[in-house]
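Below is one structure. I have some questions about it.
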Amino acid sequence: MTKLSFTVNKNGVGVTVHEANVATGITVAQVLQIQDLLSRHRVVVIPNQNLTDEQLQDFAFKFGPPFVPDDKSPVLGSKDSAGSIVVVGNQAHEFAKSYLGHQEVLPHSDHQWLRCPSSASLLYALDIEEGSPPTIWTDMVKAYSLLDSKTQQSISELQLTTFNPFYRPFGSVSAKYVDRREDVPPGETFSHPLVRTHPLNHEKILYLNLAYEMEIDNVSYEKGKRIWSLLYDHVGQLSFRYEHHWRKGDLVFWDNRATIHYRPAFDSTVRRVLKRVTIGGEIPF
Ligand SMILES: O=C(O)CCC(=O)C(=O)O
Ligand SMILES: [Fe+2]
């Protein structure tokens, strides 16, 4: 078999690949096809997999190097040296500590606050009980393209600082435009273009999350907050989303450059355990 068959979600965001077997190996042509699907549709779903950690990583790192957090900036799991596989779960996993519990995870792109945020991530579903919430991705290329041209122009040169939430107590941060007269978030910061360019498909991306403390560089608080509020509302209303309802064995691969993802809160008694692998990325430009 050379090419994989697939189905694209109606609004163009998210694609499901049929009959791929990641464990027994996929061909070079199929790796390139998956990369191309990711580039076009942002989220690639590969159902019915049965993977060891090694097989999961062998697949993931065909698309780029492992994401390695630097020693200085904390990220999910780094304080426990969780390594390149992080268990996202609301139950203790037999081999490792699990993270993120059962609370709401606000719309974000993984590691946006770092110098080199991750380019893509994968979640592999180990244990999904009924009542488990979906994960919802929003297409941030669409978010940018649907802004009016005047707004596009006015934000084209802006830099955004996203403050690292892991310097704050876990779960205490939500989306907020920073007012320095009240509080300056702690920790090392890196600013990135508010409109970044995708290195593979050259598309413009609105590189904004709806989860953390933020500040636009070199503009007044009033002006920065006005721009931020407008963009926040715009992204919140966008219908270009893919909502994935998990089943055991699902492997979902997403583009962290071009999407943000969200997970609603759920009942703490519902078992939901996934493994996440993350791929390293470049300095956004
Ligand atoms: O639990 C989820 O659905 C998403 C968690 C998340 O944000 C991640 O693994 O990067
Ligand atoms: Fe995430």
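For the ranges 23-34, 112-123, what's the packing order if you count other beta-carbon atoms within 10 Å of each residue, average per peptide, and put the highest first?
112-123, 23-34
Then there is this: Could I have the simple spin-label model distance between CYS116 and ASP233, label points 7 Å from Cα toward Cβ, reported in nm to one decimal?
Each label point is offset 7 Å from its Cα along the Cβ direction, giving 3.9 nm.
Quote the accessible area belonging to PHE190 in square angstrom, nearest 10, computed with a 1.4 Å probe and with ligands, DNA and RNA left uncounted.
Around 40 Å² of this residue is reachable by solvent.
Under a 5 Å amide H to amide H cut-off, with H placed in plane at 1.01 Å, what residues pair with THR135 once short-range neighbours are removed?
HN-HN under 5 Å from THR135: HIS244, TRP246.
Using a 1.4 Å probe on the protein chains only, how many percent of the accessible area of segment 170-285 belongs to carbon and sulfur? Can you show the working numbers first?
Details: 2570 of 5210 Å².
C and S fraction of accessible area: 49 percent.
For the chain, max minus min Cα coordinate along each principal axis, in Å, sorted largest first?
Principal-axis extents of the chain (Cα, largest first): 55, 39, 34 Å.
What distance in nm lies between label points placed 7 Å from Cα along the C-beta direction at GLU130 and GLU157?
5.9
For segment 139-237, just list the percent of Cα-Cα distances falling in each 10 Å bin from zero outward, please.
P(r) for segment 139-237, in whole percents per bin: 15, 49, 30, 7, 0.
Below 12 Å Cα-Cα, how many Lys pairs turn up in the chain? Only count pairs eight or more apart in sequence, or on different chains, if you could.
Working: LYS79/LYS97; LYS97/LYS275; LYS142/LYS204; LYS176/LYS225; LYS248/LYS275.
For the chain, qualifying lysine pairs total 5.
What does segment 231-277 give for Rg and for Dmax, in Å, if only its C-alpha atoms count?
13.4, 36
Another question about this same structure. For a quick check: with amide H placed at 1.01 Å from N, whose amide H comes under 5 Å from VAL88's, ignoring anything fewer than 5 positions away on the same chain?
The answer is TYR99, LEU274, LYS275, ARG276.
Compute the distance from the alpha-carbon center of segment 108-168 to that of segment 233-285, in whole Å.
Each part reduced to its Cα centre gives a spacing of 9 Å.
The values are calculated or read from the model by the stated rules, or taken from the named source; none is laboratory data. Source: prediction; values computed, not measured. Glycine also receives a Cβ, built like all others from the backbone with ideal geometry; neighbour counts cover every protein chain displayed. In case anyone asks, the SASA skips ligands and DNA or RNA and just uses the protein heavy atoms, side chains included. Shrake-Rupley method; radii C 1.70, N 1.55, O 1.52, S 1.80 Å.
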